[in-house]
Amino acid sequence: MAAKDSSVSPASHVAIIMDGNGRWAKSRGKPRLYGHKMGARRVREVVEACPDHGVRYLTLYAFSTENWKRAPAEVAGLMALFRQFIRAEMADLVRDGVRVRFIGDRRPLNSKLRRLMGELEQATARNDTLHLTVALNYGARDELARAAARMAADVAAGEICADTVDADSLRPYLDTADLPDPDLVIRTSGETRISNFLLWQAAYSEFEFTPVYWPDFGRSELGSILENFGTRERRFGAVLT
Ligand code: IPE
Ligand code: IPE
Ligand code: MG
């Protein structure tokens, strides 16, 4: 589907730090996991809204490499929620033309979840309407370290020459190798930090911070942020005439 308003440039790739589930639940006297469950429901609404706004790539931060520091019950609850989400949404994602990919280090994840992630990626591999990337056990520093290790192995194997490494050489080694850089990074919940998300890829992204907690974020919040994005002048270091 085309962008609603063709006079403004749409954000082709939107990345979202989905934050505030815990505070949303607390403000209602509910356990944190209830906030995560309600937050998971918002994913479908935002996924469905993206094509209407000309968004072709949506990247969602679901679980960071630092989130293991939380109480074991919360971590286990989140992992169960990821499994439930994949099972519940797989058929609709296939039907709606959503291609799903996961970024992050899957090795520490439980084997049932890893299998479901692989199944969802395979089932949606030929879709092209919206490219949904879910960052799960993702941390940008971890991603960069894994990329550097693989690049070093290629140098050692004589596949590439260290002298020719430039700013773009790392890209094919990143988890996001097949994705464009995000045009816009949104963080919900009022926090104004990046929390180890897409540090390399967001070098020239626009940022939007909204006080809305993730379980309250939906189609209309996304719409107004994208409208505002369309009015921004991106310079990429140049002087525009
Ligand atoms: C975001 O909500 C979800 C994850 C980080 C998994 P939080 O759980 O961080 O909610 P707050 O920030 O404590 O409110
Ligand atoms: C960032 O949120 C990670 C995700 C949304 C998955 P956090 O709630 O973990 O970030 P901090 O701890 O407030 O920086
Ligand atoms: Mg948080």
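The values are calculated or read from the model by the stated rules, or taken from the named source; none is laboratory data. The shown structure was predicted, so the numbers you read here are calculated from the model rather than taken from an experiment. Here the Cβ positions follow ideal geometry from the backbone for every residue, glycine too, while neighbour counts run over all protein chains shown. Each accessible area value is taken on the protein alone, full model and side chains, heavy atoms only, with ligands, DNA and RNA left out. Shrake-Rupley method; radii C 1.70, N 1.55, O 1.52, S 1.80 Å.
The table below lists the values:
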| item | result |
| --- | --- |
| Scan of the stretch 191-205 for residues that are open to solvent by less than 40 Å² (accessible area, probe 1.4 Å) and more than 16 Å from ligand 1 (Cβ to nearest atom), ordered by number | Q201, A202, S205 |
| Residue match in the stretch 99-114 (condition: surrounded by 19 or more Cβ atoms within 10 Å (Cβ to Cβ), farther than 25 Å from A147 by Cα and of a type in the set (A, V, I, L, M, F, W, C)) | no |
| Test: residue in the stretch 23-38 that is crowded, with 19+ Cβ neighbours inside 10 Å, modelled with pLDDT under 95 and under 20 Å from T210 (Cα atoms) | no |
| Residue list for the stretch 150-182, restricted to those being of a type in the set (D, E) and open to solvent by less than 70 Å² (accessible area, probe 1.4 Å) | D154, D175, D181 |
| Options V75, V100: the member that is within 16 Å of ligand 3 (Cβ to nearest atom) and either of a type in the set (A, V, I, L, M) or touching a strand residue (DSSP E or B) at 6+ places or on another chain (Cβ under 9 Å) (or both) | V75 |
| Residue match in the stretch 84-98 (condition: closer than 20 Å to R187 by Cα, surrounded by 15 or more Cβ atoms within 10 Å (Cβ to Cβ) and at pLDDT 95 or above) | no |
| V46 vs. criteria assigned to a helix (DSSP H, G or I), more than 16 Å from ligand 3 (Cβ to nearest atom), buried (at least 21 other Cβ atoms within 10 Å of the Cβ) and at pLDDT 95 or above | yes |
| Which listed residue is of a type in the set (V, I, T) and farther than 27 Å from K26 by Cβ, from V165, V212, V185, V134 | V165 |
| Pairs where the first residue, in the stretch 18-31, is over 20 Å from F63 (Cα atoms) and of a type in the set (D, E, K, R) and the second is open to solvent by 30 Å² or more (accessible area, probe 1.4 Å) and more than 6 Å from ligand 1 (Cβ to nearest atom), C-beta under 8 Å, 6+ apart | R28/Y34 |
| Selected residue (only one of V212, V185, V239 is part of a loop (DSSP other than H, G, I, E, B), open to solvent by less than 70 Å² (accessible area, probe 1.4 Å) and either free of Cβ contacts under 8 Å to residues at least 24 places away in the same chain or of a type in the set (A, V, I, L, M, F, W, C) (or both)) | V212 |
